[in-house]
Amino acid sequence: MKKAILLCMTVFFATTLVYAAPQLLINLSQWEYNTQYGLHQPCCSALQAYDVDKDGHMDIVIPFRKDSDRVIAVNGQTGAVKWIYPPMDQDGIAGDPMGAPCIGDMDGDGNDEVLFTGRSANLYCINAATGTEKWIFESEGKDEAVCLFDVTGDGKKEALYAAGDGTLNCVNSAGTLVWSFQMTKGASAPPNAWDIDADGFVEVVCGDGNGNLYCVSSTGAEKWRFETGDKFHHHQPVIADFNGDGEFEIVVHSNDRYLYCLTFYGTEYWRFPVHQSAWAENEDAGQHEGGVAAADIDGDGDIEVITTDVTGMVQCVDGPTGNEVWGYKCPSEIWTGVLVCDFNGDGMQDVIVCAEGQESGVYPLGMVGVLSWDGKLQMVEPYWHTASTPSVGDFDNDGQIEGIFQAWSEPFYVLSAGGAYNPATVSWGYKYKTPSNNGVWSMNEGLLVLSAIALVSFGIRMRRR
């Protein structure tokens, strides 16, 4: 069979009966993006599920790399191409659009934009519905995501991104630079934004290539920096009230192998050694690439942190204490982010993580590992190299939650485990939580998720009577 980027049918096998065997929902072998459009190898970034043209049907925004250098939007049910940017009769983007495409209404006109950087140069802003170019801000590029947030408080959102020259840039909805902050070294790490100290002004947090985490004011001035022992790589700082004290903290995974929790004024609250048991034998143990997630996965009212390392370790860490809740070692490497949602409809939060290699696949992990409380993996094994972080949604409007996945230079595929689609039970549905890449767990979200889970659990108990 020809190697091509396409949507096609595949058979998957589950090793347990806790989850129903995931069902493939689409058979779209006619959509061969390689043969029809000359596109090949999607970026090692993220597949963004989003209704780009507001027609009531979920779409998928996909970045392509390796001389394709384009971003496309396809219908999530049929695979039909809605737009390609730049068009195929024009030159591609300045380098791979590697970061997770950022989607949101930047200028407040009711229409969404898609933003991304070229690996070699520039910040791009295009119309989400049509794929037409709105503007290009010329700068050095980088292979990570843009974060969209109203930093200045004018009611419009700014684009925040880290460029290859070490600058953290803030660009407004007209494509004009608002401010630029110089870090010590460029890094493949996206910023995040929130009013973390509750003073009425937004702060921007971002890591650099020397292991410094910066907190920058809404005007671009440094408020504090925290030094770790190594760079930040393909990972956004996560913002939440991790210890339940009513104040926000920041969690980051540095490549010095530690997961850090910092107070809003930049002091260390706790640190957790990731996959420490393997440090002596494997220099990659604890090294991170792909993204950290946060959610109350066990329904106890406290937020947990889910992180991974490139050797395949998945660890759940208690937000208030920094202690391990559980760990699971996948049989192959992990280079992508994790998702947290009720994927199978049992009223419990699951963790979905993708592993790469000959034993690769999509691993739905239960709240404490897999299989309830014993830590065994419930898994499907398509034996493909999973390269991009998935996202979840209802792609065919059947009321069930589905995930969109992609194998390295292989097909895209949509899987379902039969759970109902309820946005309130999707705690972390994208690589950086939201389509606009704003990984913040706000104070009231926990109550909404717990309420939704309680309703689902009550319904399950009633059906079993």
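Conditions tested, residue by residue: (1) within 17 Å of the chain's Cα centre (by Cα); (2) farther than 22 Å from I250 by Cβ; (3) without any contact (Cβ under 8 Å) to a residue 40 or more places away in the chain.
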site: E283; (1), (2), (3): no, yes, yes
site: E289; (1), (2), (3): yes, no, no
site: G299; (1), (2), (3): no, yes, no
site: V305; (1), (2), (3): yes, no, no
site: T308; (1), (2), (3): yes, no, no
site: G319; (1), (2), (3): no, no, no
site: W326; (1), (2), (3): no, yes, no
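Could you please let me know if I306 is closer than 26 Å to C341 by Cβ and either open to solvent by 40 Å² or more (accessible area, probe 1.4 Å) or part of a strand (DSSP E or B) (or both)? Full working, then the answer.
Details: closer than 26 Å to C341 by Cβ: yes; either open to solvent by 40 Å² or more (accessible area, probe 1.4 Å) or part of a strand (DSSP E or B) (or both): yes.
It is true that I306 is closer than 26 Å to C341 by Cβ and either open to solvent by 40 Å² or more (accessible area, probe 1.4 Å) or part of a strand (DSSP E or B) (or both).
Can you tell me which residue among G286, G299, G337, G312 is touching a helix residue (DSSP H, G or I) at 6+ places or on another chain (Cβ under 8 Å) and open to solvent by less than 10 Å² (accessible area, probe 1.4 Å)? Outline the logic, then answer.
Numbers: G299 fails: open to solvent by less than 10 Å² (accessible area, probe 1.4 Å); G337 fails: touching a helix residue (DSSP H, G or I) at 6+ places or on another chain (Cβ under 8 Å); G312 fails: touching a helix residue (DSSP H, G or I) at 6+ places or on another chain (Cβ under 8 Å).
Of the residues listed, the single one that is touching a helix residue (DSSP H, G or I) at 6+ places or on another chain (Cβ under 8 Å) and open to solvent by less than 10 Å² (accessible area, probe 1.4 Å) is G286.
Kindly indicate whether N344 is open to solvent by 10 Å² or more (accessible area, probe 1.4 Å) and either of a type in the set (G, A, S) or at pLDDT 85 or above (or both). Lay out the reasoning, then the answer.
Numbers: open to solvent by 10 Å² or more (accessible area, probe 1.4 Å): yes; either of a type in the set (G, A, S) or at pLDDT 85 or above (or both): no.
So N344 does not fit the description; no.
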Q: Hey, can you tell me all the residues within the stretch 222-235 that are at pLDDT 95 or above and not β-branched (V, I, T)?
A: E222, K223, W224, R225, F226, E227
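Scan the stretch 116-136 for residues that are assigned to a strand (DSSP E or B), surrounded by fewer than 20 Cβ atoms within 10 Å (Cβ to Cβ) and either at pLDDT 95 or above or out of contact with any strand residue (DSSP E or B) (no Cβ under 7 Å at 6 or more places or on another chain) (or both) and jot them down. Before you say what the answer is, go through the steps one by one.
So in the stretch 116-136, the residues assigned to a strand (DSSP E or B) come out as 116-117, 121-127, 133-136.
Restricting the remaining residues to those that are surrounded by fewer than 20 Cβ atoms within 10 Å (Cβ to Cβ) gives 121-122, 127, 133-136.
Within the stretch 116-136, N127, E133, K134, W135, I136 qualify.
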Q) So which of G131, G104 is more than 16 Å from A46 (Cβ to Cβ) and not polar (S, T, N, Q)? A) G131
Q: Six or more apart or on different chains, Cβ under 6 Å: which pairs go from a residue in the stretch 189-201 that's over 16 Å from V292 (Cβ atoms) to one that's acidic (D, E)? Could you list them?
A: I196/E203
Q) Out of (1) part of a strand (DSSP E or B); (2) within 21 Å of the chain's Cα centre (by Cα); (3) not aromatic (F, W, Y), what's the single condition that is false for A100? A) (1)
Q. Does the stretch 216-241 hold any residues that are crowded, with 24+ Cβ neighbours inside 10 Å and aromatic (F, W, Y), and which are they?
A. F232
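Residue under question is G361, and the condition is that it be at pLDDT 80 or above, closer than 27 Å to D143 by Cβ and within 19 Å of the chain's Cα centre (by Cα); does it hold? Full working, then the answer.
Values: at pLDDT 80 or above: no; closer than 27 Å to D143 by Cβ: yes; within 19 Å of the chain's Cα centre (by Cα): yes.
Judged against the criteria, G361 is not a match.
Select from the stretch 137-157 the residues that are among the hydroxyl-bearing types (S, T, Y) and open to solvent by 40 Å² or more (accessible area, probe 1.4 Å) and list them in ascending order.
T152
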Q. Among the residues of the stretch 139-154, how many are assigned to a strand (DSSP E or B) and modelled with pLDDT under 95?
A. 2
**Q.** Top-ranked residue of the stretch 64-93 - restricted to ones that are out of contact with any strand residue (DSSP E or B) (no Cβ under 6 Å at 6 or more places or on another chain) and small (G, A, S), ranked as nearest to A121 (Cα to Cα)
**A.** S68
Q) What are the residues in the stretch 55-68 that are at pLDDT 90 or above and either surrounded by fewer than 16 Cβ atoms within 10 Å (Cβ to Cβ) or assigned to a loop (DSSP other than H, G, I, E, B) (or both), if any? A) D55, G56, H57, M58
Q. Under 6 Å by Cβ, and 6 or more places apart or on different chains, what pairs join a residue from the stretch 80-100 that is in contact (Cβ under 8 Å) with a residue 40 or more places away in the chain with one that is among the charged types (D, E, K, R) and assigned to a loop (DSSP other than H, G, I, E, B)?
A. G95/R119; D96/R65; D96/R119; M98/R119; M98/D143; G99/E144; A100/K431
(Q) Going by what's in this entry, would G459 be described as open to solvent by less than 30 Å² (accessible area, probe 1.4 Å), in contact with an Asp or Glu (Cβ under 6 Å, 6 or more places away or on another chain) and modelled with pLDDT under 55? (A) no
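Residue by residue, here is whether (1) modelled with pLDDT under 75; (2) touching a Lys or Arg at 6+ places or on another chain (Cβ under 7 Å); (3) farther than 16 Å from D298 by Cβ; (4) not in a loop (DSSP other than H, G, I, E, B) holds:
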position	(1), (2), (3), (4)
V368	yes, no, no, no
L377	yes, no, yes, no
V392	no, no, yes, yes
D396	no, no, yes, no
E410	yes, no, yes, no
V414	no, no, yes, yes
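Kindly check whether there is at least one residue in the stretch 262-281 that is in a strand (DSSP E or B) and closer than 22 Å to L47 by Cα. Talk me through it step by step, then tell me what you get.
Applying the first criterion (in a strand (DSSP E or B)) to the stretch 262-281 yields 262-263, 268-273.
The next check asks that each one be closer than 22 Å to L47 by Cα; those that pass are none.
No, there is no match, as no residue in the stretch 262-281 is in a strand (DSSP E or B) and closer than 22 Å to L47 by Cα.
Quick one: how many residues across the stretch 268-281 are without any contact (Cβ under 8 Å) to a residue 40 or more places away in the chain and open to solvent by 60 Å² or more (accessible area, probe 1.4 Å)? Full working, then the answer.
Taking the stretch 268-281 first, the residues without any contact (Cβ under 8 Å) to a residue 40 or more places away in the chain are 273, 276-281.
Those still in the list that are open to solvent by 60 Å² or more (accessible area, probe 1.4 Å) too: 276-277, 280-281.
Adding up the residues that qualify gives 4.
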Q.
Here are the criteria: (1) over 18 Å from D241 (Cα atoms); (2) modelled with pLDDT of 85 or more. Tell me which single one C354 does not satisfy.
A. (2)
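The values are calculated or read from the model by the stated rules, or taken from the named source; none is laboratory data. Please read all numbers here as calculations on a predicted model, not as lab measurements. Cβ sites come from the backbone with ideal geometry, for glycine too, and all protein chains shown count toward neighbours. In case anyone asks, the SASA skips ligands and DNA or RNA and just uses the protein heavy atoms, side chains included. Shrake-Rupley method; radii C 1.70, N 1.55, O 1.52, S 1.80 Å.
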